[in-house]
1. Between beta-carbons, use under 12 Å as the cut-off and find the net charge around Ser142, counting Lys and Arg +1, Asp and Glu -1.
2. Whole Å is fine, so just give me how far the alpha carbon centre of region 183-223 lies from that of region 148-174.
3. Among Leu93, Leu154, Val60, which residue has its Cα positioned farthest towards the positive end of the charge dipole of the chain, with +1 placed on the Cβ of Lys and Arg, -1 on the Cβ of Asp and Glu, and the dipole taken about the Cα centre?
4. Tell me, Thr171, Thr41 in order of fewest to most beta-carbon neighbours within 10 Å?
5. Kindly rank 11-19, 25-33, 161-169 from highest to lowest mean number of other beta carbons found within 10 Å of each residue.
6. Which residues' amide hydrogens lie under 5 Å from the amide hydrogen of Asp144, considering only partners 5 or more residues apart or on another chain, with H built in the peptide plane?
7. Mind pulling the per residue volume of the convex hull built on the Cα atoms of region 108-242? Å³ is fine.
8. Report, in debye and to the nearest 20, how large the dipole of region 4-241 comes out about its Cα centre when Lys and Arg carry +1 and Asp and Glu carry -1 on their Cβ.
Amino acid sequence: MKPALIAHRGASGYAPENTMAAFERALAMGANSMEFDVQQTKDGKLVVIHDSDLKRVGGVRGRVGAMTWAELSKVDVGAWFGPSFAGQRVPRLEEVLDLAEGRAELQLEIKNPERPYPGIAERVVNLLRTRKAWDGKVCISSFDHECLFLVRTLASWARIGYLVGLTRRETALREVREVGADSVHMSSRQADRRWVEAVHRDKRKAFVYTVNEPKDYERLGRLGVDAVFTNFPDLDREEAAA
Ligand code: G3P
Ligand code: CA
């Protein structure tokens, strides 16, 4: 079976990553699962952006965690991708939930950079708790495994995705069991038959990022990977494979 496709940062091959334009584009393309990154402003608002600073996508200096929402919301994070996307802003997590409700599952990655965001796990869990429509349809992932354990403590109901990162496989598998993760998320480079089989033996799903080439998608399909994160939600179309 072909691995399912998860629109990575929205349809970020076609629109600026982690913007409403990218999420709208992914949904319009028929994506039924979308990934995005969550960080926190200085005044405790949950925002959707990958980098911990604004340099690459906003062209300005400033760290997300050192800016208020009022400051961050003024930054244009679309123009870097193309003039037609000028004016795109960093979305609030609530906006993405509103847009996707009833249309797609979500892979919500909590980014905890050098300086972890105080209270981010609690805020994410509390928000999801108030949104019953999202029951079972959001998977919370992170490279920060302490954060995942905290999520589990706060929410026995949470679906958890364990991002392996630099953790050794044996340690990762032990933590995956302890935290009760549904899925193990590994990079394309890390994905090999032994690792995918180990994850499946443990009754977890194997997800792989970031897969933008048809030949890589085919290889991962042969390994039995369950889903891939891709910037191109049409990666599985016939012409792409040709
Ligand atoms: O969640 C998979 C993938 O998004 C992790 O890497 O750097 O794109 O957030 P990154
Ligand atoms: Ca991510």
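What follows is calculated from the coordinates using simple rules that are stated; it is not laboratory data. What you see is a predicted model; the values in this text were computed from it and never measured. Cβ sites come from the backbone with ideal geometry, for glycine too, and all protein chains shown count toward neighbours.
1. Combined, the nearby Lys, Arg, Asp and Glu give -3.
2. When both Cα centres are located, 17 Å separates them.
3. Leu154
4. Lowest to highest Cβ neighbour count: Thr171, Thr41.
5. Answer by packing, highest mean first, reads 11-19, 25-33, 161-169.
6. Amide H neighbours of Asp144: Asn112.
7. 118 Å³
8. Using only the charged Cβ atoms, the result is roughly 480 debye.
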